[in-house]
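The values are calculated or read from the model by the stated rules, or taken from the named source; none is laboratory data. Computed from a prediction, not measured in an experiment: that's the story for all the values here. Note that we place each Cβ from the backbone using ideal geometry, even for glycine, and neighbour counts take in every protein chain shown. The protein model used for the area step is the full one, side chains on, heavy atoms only, and it has no ligands, DNA or RNA in it. Shrake-Rupley method; radii C 1.70, N 1.55, O 1.52, S 1.80 Å.
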Amino acid sequence: MVQAEKANRFITFDGIEGCGKTTQLRLAEAWLRARGLPVLATAEPGGAALGLKIREILLNRNSFRIGPEAELLLFSAARAQHVAETILPALQSGSWVLCDRFTDATVAYQGFGRGIDLQIIQTINAFSSQGLKPALTVLFDLPVETGLARARKRASNGHPEKAEDRFEQEDIHFHNLVRNGYLRLAKESPGRFRIVDAVGPPDEIEHEVRQILETFIFRKGESQ
Ligand code: Z5A
């Protein structure tokens with residue numbers, strides 16, 4: 001297992017569809033690099049060759065039927081490889097790791113969204129992540145209608161790889177269950193979560209994210 005001090009460098013960005021976390025993760029990566037920190041930016045599902053293959057299966061709306069249990073195990077298999085092959089080696093080498101979604105997404109989508117028993121998910125999450133937990137999670141929160149509208153606008157703006165996927169086809173009720181699930185997780189772990197209001201313009205949100213990272217990374221004196 002990675003040393004505790006190095007695991008403190010594991011930061012996740014999460015939230016509902018279209019919340020802007022991917023945009024903000026890229027901005028944060030560039031900002032931290034410019035400040036001289038070694039950074040790995042990665043994403044789930046994906047982040048390793050196996051994960052990318054599983055991602056194709058999971059997100060393709062034309063694919064065969066995938067039930068909730070199989071969906072949970074596919075996300076978890078992708079994570080197991082991602083953690084072993086990509087995240088832990090980067091932490092061991094002293095990098096800061098910024099990860100777009102992690103175990104909280106499984107609790108929010110497969111647990112609160114699909115209704116799978118949360119205890120089972122916690123057990124599988126602990127196994128697939130080798131017990132690795134984010135030291136900091138930035139949760140981008142906004143109404144589901146706003147997030148889905150952004151995702152659809154992007155799909156219609158020439159990003160076929162982002163065309164409406166299996167999750168975007170779910171109804172508003174499903175996405176509200178997921179959003180409320182994230183908010184409940186944040187309430188249960190206030191020391192780890194920072195909630196960012198994701199409704200405003202990207203530059204305002206970027207400013208807030210920088211303040212969060214500034215406090216977490218630099219004021220703790222852990223930048224070396
Ligand atoms: N999933 C799961 O069920 N269980 C799991 O364990 C894991 C994942 C790990 C991953 O799909 C799906 O897998 C996800 C949950 C599920 N599905 N859903 N829903 P993905 O990786 O393809 O998609 P995503 O994770 O949902 O993220 P995304 O599509 O990349 O979107 P985003 O990160 O939330 O936002 P974005 O890409 O930064 O921005 C979206 C658009 O909005 C884009 O055109 C931006 O230019 C625009 N944008 C960004 N910020 C703003 C602001 N502030 N104002 C206006 N417009 C903005």
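Of (1) open to solvent by 10 Å² or more (accessible area, probe 1.4 Å); (2) within 16 Å of the ligand (Cβ to nearest atom), A28 satisfies all except one. Which? Here A28 clears every test but (1).
So for region 45-62 (the condition being touching a Cys at 6+ places or on another chain (Cβ under 9 Å) and β-branched (V, I, T)), does at least one residue qualify? No - not one qualifying residue is present in region 45-62. When F167 is tested against (1) within 13 Å of the ligand (Cβ to nearest atom); (2) assigned to a loop (DSSP other than H, G, I, E, B); (3) under 17 Å from G47 (Cα atoms), just one condition goes unmet, and that condition is (3).
For region 26-42, the count of residues that are touching an Asp or Glu at 6+ places or on another chain (Cβ under 8 Å) and assigned to a loop (DSSP other than H, G, I, E, B) is zero.
Based on what the data block shows, is R101 open to solvent by 20 Å² or more (accessible area, probe 1.4 Å), near the ligand (Cβ under 10 Å from one of its atoms), modelled with pLDDT under 95 and not hydroxyl-bearing (S, T, Y)? When the stated conditions are applied, R101 does not pass them.
With respect to I16, is the statement that it is within 11 Å of the ligand (Cβ to nearest atom) and open to solvent by less than 10 Å² (accessible area, probe 1.4 Å) true? Yes, satisfied.
Residues that are open to solvent by 20 Å² or more (accessible area, probe 1.4 Å), more than 14 Å from the ligand (Cβ to nearest atom) and touching a helix residue (DSSP H, G or I) at 6+ places or on another chain (Cβ under 6 Å) do occur in region 32-49. Entry remark, region 173-194: residues being charged (D, E, K, R), surrounded by 16 or more Cβ atoms within 10 Å (Cβ to Cβ) and under 20 Å from E208 (Cα atoms) number 2 in total. Among the residues in region 60-75, are any more than 10 Å from the ligand (Cβ to nearest atom), in contact with a strand residue (DSSP E or B) (Cβ under 6 Å, 6 or more places away or on another chain) and open to solvent by 10 Å² or more (accessible area, probe 1.4 Å)? Scanning region 60-75 turns up no residue that is more than 10 Å from the ligand (Cβ to nearest atom), in contact with a strand residue (DSSP E or B) (Cβ under 6 Å, 6 or more places away or on another chain) and open to solvent by 10 Å² or more (accessible area, probe 1.4 Å).
Consider R55 carefully, then state whether it is surrounded by 22 or more Cβ atoms within 10 Å (Cβ to Cβ), charged (D, E, K, R), part of a helix (DSSP H, G or I) and within 12 Å of the ligand (Cβ to nearest atom). Spelling it out, it is not the case that R55 is surrounded by 22 or more Cβ atoms within 10 Å (Cβ to Cβ), charged (D, E, K, R), part of a helix (DSSP H, G or I) and within 12 Å of the ligand (Cβ to nearest atom). Note on region 106-124: residues that are open to solvent by 10 Å² or more (accessible area, probe 1.4 Å) and at negative phi total 12.
Within region 8-23, the set of residues being among the polar types (S, T, N, Q), outside any loop (DSSP other than H, G, I, E, B) and over 21 Å from R166 (Cβ atoms) comprises T12, T23.
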